[in-house]
Amino acid sequence: MAKKTVNVALIGAQFMGKAHSNAWRQAKMFFDLPVEPTMKVLCGKFPEELAVAKKWGWEETSLDWKAVVHRPDIDVIDICTPNFLHPAIAIEAAKAGKNIVCEKPLASTLKDAEAMLAAVKKGGKKNMCGFSYRFAPAVQTIKKMIGDGVLGRIFHFRAHYQQDWIVDPEFPLNWRLQKKIAGAGSLGDIGAHSIDLCHFLVGQIDEVCASMRTFVKKRPIAEGQATIAATKGHKKSKKMGVVDVDDAAIFLAHIKGADTLCTFEATRFAPGRRNYNGFEIYGSKGSVIWNQEDMNWFQYYNCADADTAQGFRRVHACDGGHPFVGSWWPTGHILGYEHLFTHEIVTFMSNLGKKAAPYPTFEDGVACQKVLEAVEKADRTRKWEKVK
């Protein structure tokens, strides 16, 4: 019996558009999905950026996202644009009765994120917020360990997300460094991942205190698109623009209904740290440590080990038995950053016709946005602030 065809339109043809395009291609190649996704339309802002459509696997292109959203043959809208565009596209897609995948953070403001959530609830279709790091086999395994009580009572959750791509003050002012487009700097862009991992693994954040910094307050205005990777040789004008988002954010947090103590750091000013995203969890029965730069492994300490055998052990998360790995390569063959997006899309498509949503939804996106707002407020007030 032929599988039902699900037509997909992706809006946004830059970094995340490329990552999601690859995920759509790999999902149906490596996994046995209950439906057959068809990569129908790639939608972008400029004609020149759509030249990659055929290479990425898309059948058609469009410069008009509204027209694409209202096409009756499109079933899923995948949003990979800069943050400030998420609300208009998602709300329009919800009104048009589409299933929606949207990159994180859900929006630039909590108000917009809540409007997006209200729209998808009214629309009644499936929705997912792209917190891709949940889908690392190691993270999925750690989630199960915590749920099974393997670590016992959780005392500490320590998260860090460190990058270094804007340490050079000559790096041009791109959209991620402008509040009206991005909403926030390191806090919203990378700190959002740490917040969601905390919510996913140990519980909802209840209150925060914080400190944020902008180390380089003016940068050369870019001519064209300045991406994360474009650290050298990018064309810049002599005109300077103001950086009005944070370069780094550090905050403490408490978990609702628990006495777990949490610490978070998000920074783009950590030389040598390319994408150092990780966490440490310490409990009464044991501890775990994971970092995305070495994502196929995690460290596990078991308090019950004999005195002569205690210490952190490295657990390989690409052996058989770990989530997702059975559909890839033989045991021990490692996975990478790209595979997280594939796992995300596979999970979404595998549950398209089901009531359950075993993936981050717009509700999770709003929960994260509430923490982002509380952290920014705590930085201003220099007080502990409750999360709404």
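Residues whose amide H lies under 5 Å from that of ILE255, counting only those 5 or more places away or on a different chain, are ASP206, THR260; hydrogens are built 1.01 Å from N in the peptide plane. How big is the gap, in Å, between the Cα center of region 23-68 and the Cα center of region 73-92? Taking the Cα centre of region 73-92 as reference, the centre of region 23-68 is 14 Å away. Shown here are the Rg and Dmax of the Cα trace of region 142-211, at 16.1, 49 Å. The residue among GLY12, ILE195, GLY332 whose Cα reaches farthest toward the positive pole of the charge dipole of the chain, with charges on the beta-carbon of Lys, Arg, Asp and Glu, is GLY12. The calculated FRET efficiency for SER284 paired with ARG380, based on their beta-carbon distance and R0 = 35 Å, is about 0.45.
The residues of region 301-388 expose, per residue, 52 Å² of accessible area to a 1.4 Å probe. Which entries of LYS111/LYS179; LYS45/LYS126; LYS4/LYS354 show an alpha-carbon separation above 22 angstrom in the structure shown? LYS45/LYS126, as the Cα separations exceed 22 Å there.
Of all DSSP bridge pairs formed entirely within the chain, close to 60 percent run antiparallel. Heavy-atom accessible surface of THR109, to the nearest 10 Å², is about 60 Å², with a 1.4 Å probe and all protein chains retained.
Dividing the Cα radius of gyration of the chain by its Kirkwood radius returns 0.96 for Rg/Rh.
Subtracting the Cα-Cα distance of GLN204 and GLU363 from 0.36 nm times their residue separation leaves 56.0 nm of extension gain.
Please get the size of the charge dipole for the chain, origin at its Cα centre, with Cβ charges of +1 on Lys and Arg and -1 on Asp and Glu, quoted in debye to the nearest 20. Its charge dipole is roughly 800 debye. Once neighbouring chains are kept in place and the probe is 1.4 Å, which whole percent of the accessible area of the chain is contributed by carbon and sulfur? Exposed carbon and sulfur together represent 54 percent of the surface. Got a sec? Which residues in region 313-350 would a label at TRP297 touch, if it sits 7 Å along Cα→Cβ and we count backbone N under 16 Å? Within reach of a label on TRP297, which here means backbone N under 16 Å from a point 7 Å along Cα→Cβ, region 313-350 contributes 313-319, 332-336. Dipole check for region 114-198: with +1 at the C-beta of Lys and Arg, -1 at the C-beta of Asp and Glu, and the Cα centre as origin, the magnitude is about 600 Debye. Based on DSSP H segments of at least four residues, each scored -39500 (n - 2.57), the chain has a per-residue ellipticity at 222 nm of -8500 deg cm²/dmol. For region 308-388, the spread of Cα coordinates along the three principal axes comes to 53, 51, 22 Å, biggest extent given first. Stretched out straight at 0.36 nm per residue, the stretch from PHE46 to SER211 would grow longer than its current Cα-Cα span by 55.6 nm. Ratio of Rg to Rh for region 248-307: 1.04 [Cα atoms; Kirkwood radius as inverse mean 1/r over pairs]. Karplus-based coupling profile of region 167-181, in residue order and whole Hz: 4, 5, x, 8, 4, x, 6, 9, 5, 5, 9, 10, 4, 5, 9, with θ = phi - 60° in 6.51 cos²θ - 1.76 cosθ + 1.60 and x standing for Gly or Pro.
Once both labels are positioned 7 Å from their Cα atoms along Cα-to-Cβ, the gap between TYR337 and LEU63 label points is 3.1 nm. The mean sequence distance of close C-alpha pairs (under 8 Å, at least 6 residues apart), as a share of the length of the chain, puts its relative contact order at 20 percent.
Solvent-accessible area of ASP259, all protein chains in place: 100 Å² (probe radius 1.4 Å, heavy atoms, ligands and nucleic acids excluded). For the chain, complete DSSP H runs whose alpha carbons reach 18 Å or more along their own long axis and whose mean Kyte-Doolittle score is -0.5 or higher are 110-123, 337-350, 362-381. Between LYS355 and THR5, the modelled label-to-label distance comes to 3.2 nm, taking each label 7 Å out from Cα in the direction of the beta carbon. Among ASP307, ASP189, ASP148, the order of accessible area from largest down is ASP307, ASP148, ASP189, computed with a 1.4 Å probe on protein heavy atoms.
The values are calculated or read from the model by the stated rules, or taken from the named source; none is laboratory data. Treat the numbers as computed from the prediction; the structure is a model and nothing was measured. Every residue, glycine as well, gets a Cβ built from its backbone with ideal geometry; the counts of neighbours run over all protein chains shown. Surface areas here come from the heavy atoms of the whole protein model, side chains and all, with no ligands, DNA or RNA. Shrake-Rupley method; radii C 1.70, N 1.55, O 1.52, S 1.80 Å.
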